[in-house]
Every structure is written in C-alpha cells, then in structure tokens.
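The values are calculated or read from the model by the stated rules, or taken from the named source; none is laboratory data. Computed from a predicted structure; not experimentally measured. Here the Cβ positions follow ideal geometry from the backbone for every residue, glycine too, while neighbour counts run over all protein chains shown. With ligands, DNA and RNA removed, areas are computed over all heavy atoms of the protein, side chains included. Shrake-Rupley method; radii C 1.70, N 1.55, O 1.52, S 1.80 Å.
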Amino acid sequence: MSNEQYEEMLSGRGRPTAPSEAAPRTDGVSFASAAPGRDTVKFTSKDRRGKAVPTRVGNSVLGWKHFSGPHNITNPDVIKKIIGGTSNPTTSREQPHRLVYDGALVATGGLLDPPRKIANIPIIVQYHWQTADRRYAFSDRNAKIGVITAYCRNVPRNRCPDKVNQA
C-alpha cells in the first residue's frame, strides 16, 4: 500500500490526515537524558543513629559505578545491611566528614551449621557536601556526597566473592 492509498483510506473514515512534513511537538518541554547522572541517588541507607546515607550513581571515582563492577558488590542490600547494622562509624581528626562503616556479612547455616563469615566489607562515606579533595561538591550544602566506595577486605584485588550478593 502506498502512502497516498493509506492517507486516502484514513481520510475516508473521517480521520484527519497527518501533514506531510509533520514535526514532533515539544511545546517548550525539555527532555531529560535516559541515563541517570552522577549525582542521582540510587538508594539511601540509614544507620542505627538514623543518619541517612545516600549511595549515588557516581562515576569511575566514587559511588555505585565505582565499586559495583570492580569490587563485585551488585546487591544494594549489602550496603544497606552494613550501614544499618553500624551504630558508630569510624572517623578521624584529619577527615571528620569521612565515615567508615566496617561490617561483615555472615551466612547463617541450618540448625547444625554454625554461622560463618562471608566477607569483611568496609564502606567509605563522605558525609559532607563536598569531597575532601574538593573535586566534587554540591551547591546545596545540606546535600551529602554519600558512599564513595565499598570493597571486600583480604581478598584478591578487593573483589568480593559472588556469595556476597546473595546475602
């Protein structure tokens, strides 16, 4: 069927035909890109004191993209469990806004199997509106950078075993 035949068929049914050079209407509406930006919050965790810690999409330097691939932590529940299970993250005088949530994931066995540790996982958080090196910052000083990285300690290349993501 040709375009002319198609238009004739439609116009015969009382439907208006489309203009030959129809352009999509935007009416001043701007469209966001399909991919979320570096600063987009992927999820938020709360520690035992009620402190909300965002994990942002990030990039190759910080956030979810930084640690999920290279360190094989692909389940958000891993981050949420460790942050949620920690009441006193470690800080230092030199970097008071840097929090380290240090936790271990434990696999609970059956009735006869004792629980066993899968991995020790430190989570480094910048709980401030800018990073310590001032490379990344928010104009909103109430915003938090959030999770910088997470990895498995004492394993080759700090890459977590696949069992971590099943916890």
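The strands (runs of 3 or more DSSP E) found wholly in region 41-129 and carrying at least 3 residues that are aliphatic (A, V, I, L, M) occupy 98-107, 116-126.
Restricting attention to region 139-153, does a residue exist that is open to solvent by 80 Å² or more (accessible area, probe 1.4 Å) and in contact with a Pro (Cβ under 8 Å, 6 or more places away or on another chain)? Yes, region 139-153 contains a residue that is open to solvent by 80 Å² or more (accessible area, probe 1.4 Å) and in contact with a Pro (Cβ under 8 Å, 6 or more places away or on another chain). Reported count of residues in region 78-105, each being under 17 Å from the mean Cα position of the chain (by Cα) and loosely packed, with under 14 Cβ neighbours inside 10 Å, is 0. For region 36-46, the set of residues classified as open to solvent by less than 40 Å² (accessible area, probe 1.4 Å) and at pLDDT 95 or above consists of PHE43, SER45, listed by residue number. For region 99-122, does any single residue satisfy the condition of being of a type in the set (Lys, Arg) and within 27 Å of ASN142 (Cβ to Cβ)? No, region 99-122 contains no residue that is of a type in the set (Lys, Arg) and within 27 Å of ASN142 (Cβ to Cβ). The C-beta contact set for region 152-167 (first residue farther than 10 Å from ILE73 by Cα, second residue assigned to a helix (DSSP H, G or I) and open to solvent by 80 Å² or more (accessible area, probe 1.4 Å), distance under 8 angstrom, 6+ apart or interchain) comprises ALA167/LYS81.
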